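The values are calculated or read from the model by the stated rules, or taken from the named source; none is laboratory data. Just so we're clear, the structure is a prediction, and the values are computed from it rather than from any experiment. In this analysis, Cβ positions are derived from the backbone assuming ideal geometry, glycine residues included, and neighbour counts consider all displayed protein chains. Calculation scope for accessible area: heavy atoms of the full protein, side chains included, ligands and nucleic acids excluded. Shrake-Rupley method; radii C 1.70, N 1.55, O 1.52, S 1.80 Å.
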Amino acid sequence: MKNRLRILISAASVAIAVLLLSACAASGYSVYGGVPAFSDDILFSAKIIGGRADYAYKRMKTAIDGINAQVSATRADSDIARLNAAAAGERVRVGSHTYALFNLALEYYELTDGAFNCAVTPLARLWRVDPDSIAELRPELGGDAVTDVELPSAEQTRQTLAYCDPRTVTASESNGEYYLTKSDGRTMLDFGGVAKGYAVDICADILDCYDISSALIDISGNAYFYGRYIDGGNAADWNVGVLAPRPRQTAERGYVIAFSEEGDASAVTSGDYMRYYTAAVGGETLYVQHIIGTDGVPVGVELSDGGWRNTEEWVTSATVIGESSALCDALATAVCVLGAEDGGRLLKKVGYKGLIFTEKRYTIIGNVPLYKPDIYNGYTAYGRYEL
């Protein structure tokens, strides 16, 4: 069994929008799903060929349900809900998935110098970019209505940031049972930025047990390409399209770029274009997205002359390609936080590939073969730059 959950570091890892372009159903794949996973708007689907596909799918669905039961922030009986409600010093017994996800998230926090942070829930609530608030405040599909929302002050943000640190949580194991303990009762965890990728990796490991020849696993854009794509009995590359980050939140967005991938790899995209709201600040429209930066402020927002404004440039879409979907998941968020240059350097350090877009520029990290560049050529509207 391949260890897809390990961190790969070279000597020198919303709506997520990676869509498969290959017509699997027409090529003999068994098609399953999509069924809700983690929430009603996150769907799990699989396309499988070879081996015992039905058994593999059922076991994958059971695994996803088990992960969700432990780490869902909306279930009062979940490990995360109990941990977030716990007092400082209270030892909370958790399941194996929660324990594994916390340790992965802590490793990714260190790897990204805090750019991937599973402890920003208090900041997300402060800025009204948590899932419940975003569902209430974001514009209708195709619209950009300005909301009447009171933004936090810089001092409120600074005070909240002080306890949004996963290192205030310690993990321990005793007699085959797992525990998490907070040193600050205000700290709250949320594994939404890595749980889908973790689940995809678990599903890929399950496929190893059922003699599957080829499969596509997809949890709302966290895609894993298992083996080569089978086209009429012949092995071929998987062809993957990345949705354009602009215009925001529209059903008619096309592909900004497409690429080919041999297989046994995941692709995950994070961006600013679905989970956001707009606010009026000083007569200007402020875009406030769901990804929180290391300064405690949503990416793309900065303090200027005592008020909030949008920065001149930020990452609008980051697609990461690599062996581990969990690491791709975390790195896609981290690239958005770090910015195109530092995010691209992080991908090079880890040895993962990427496609990064800002409002005006794009860059490609690693060897990413473009698929039909004469058709999926939205990237030509952006200036190409090299790190």
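Worth pointing out:
- Verdict on GLU155 being more than 20 Å from LEU123 (Cβ to Cβ), at pLDDT 95 or above, open to solvent by 10 Å² or more (accessible area, probe 1.4 Å) and not in a loop (DSSP other than H, G, I, E, B): no
- Tallying residues that are open to solvent by 20 Å² or more (accessible area, probe 1.4 Å), within 27 Å of LEU101 (Cβ to Cβ) and in a helix (DSSP H, G or I) within the stretch 158-183 yields 3.
- Unique match (being modelled with pLDDT of 95 or more, crowded, with 17+ Cβ neighbours inside 10 Å, in contact with a strand residue (DSSP E or B) (Cβ under 6 Å, 6 or more places away or on another chain) and more than 26 Å from TYR57 (Cα to Cα)) among VAL297, VAL200, VAL288: VAL288
- Filter result (buried (at least 20 other Cβ atoms within 10 Å of the Cβ), part of a strand (DSSP E or B) and touching an Asp or Glu at 6+ places or on another chain (Cβ under 7 Å)) within the stretch 300-336: THR316, ILE321
- Residue check, THR294 over 30 Å from ASP264 (Cβ atoms), assigned to a loop (DSSP other than H, G, I, E, B) and among the β-branched types (Val, Ile, Thr): yes
- Against the numbered list (1) out of contact with any Leu (no Cβ under 6 Å at 6 or more places or on another chain); (2) among the hydroxyl-bearing types (Ser, Thr, Tyr); (3) open to solvent by less than 10 Å² (accessible area, probe 1.4 Å), TYR277 comes up short only at (1).
- Tallying residues that are at pLDDT 95 or above and assigned to a helix (DSSP H, G or I) within the stretch 101-132 yields 17.
- Selected residue (criterion: surrounded by the fewest Cβ atoms within 10 Å (Cβ to Cβ)) from residues of the stretch 251-273 that are under 15 Å from GLY378 (Cα atoms) and in contact with a Gly (Cβ under 9 Å, 6 or more places away or on another chain): GLU252
- When the stretch 216-250 is limited to residues that are more than 11 Å from ALA265 (Cα to Cα) and charged (D, E, K, R), the one that is surrounded by the most Cβ atoms within 10 Å (Cβ to Cβ) turns out to be ASP218.
- Taken residue by residue, the stretch 134-146 has no member that is touching a helix residue (DSSP H, G or I) at 6+ places or on another chain (Cβ under 8 Å) and not in a loop (DSSP other than H, G, I, E, B).
- Of all residue pairs spaced 6 or more apart or on separate chains, those with beta-carbon atoms under 9 Å, a first member in the stretch 198-221 that is on the phi > 0 side of the Ramachandran plot and a second member that is part of a helix (DSSP H, G or I) and open to solvent by 10 Å² or more (accessible area, probe 1.4 Å) are SER220/LYS196; GLY221/LYS196.
- Residue match in the stretch 337-359 (condition: of a type in the set (Lys, Arg) and in a strand (DSSP E or B)): yes
- Top-ranked residue of the stretch 73-89 - restricted to ones that are assigned to a loop (DSSP other than H, G, I, E, B) and in contact with a Leu (Cβ under 9 Å, 6 or more places away or on another chain), ranked as most open to solvent (accessible area, probe 1.4 Å): ALA73
- Looking across the stretch 16-41 at every residue that is crowded, with 21+ Cβ neighbours inside 10 Å and in contact with a Gly (Cβ under 9 Å, 6 or more places away or on another chain), the one that is modelled with the highest pLDDT is identified as PHE38.
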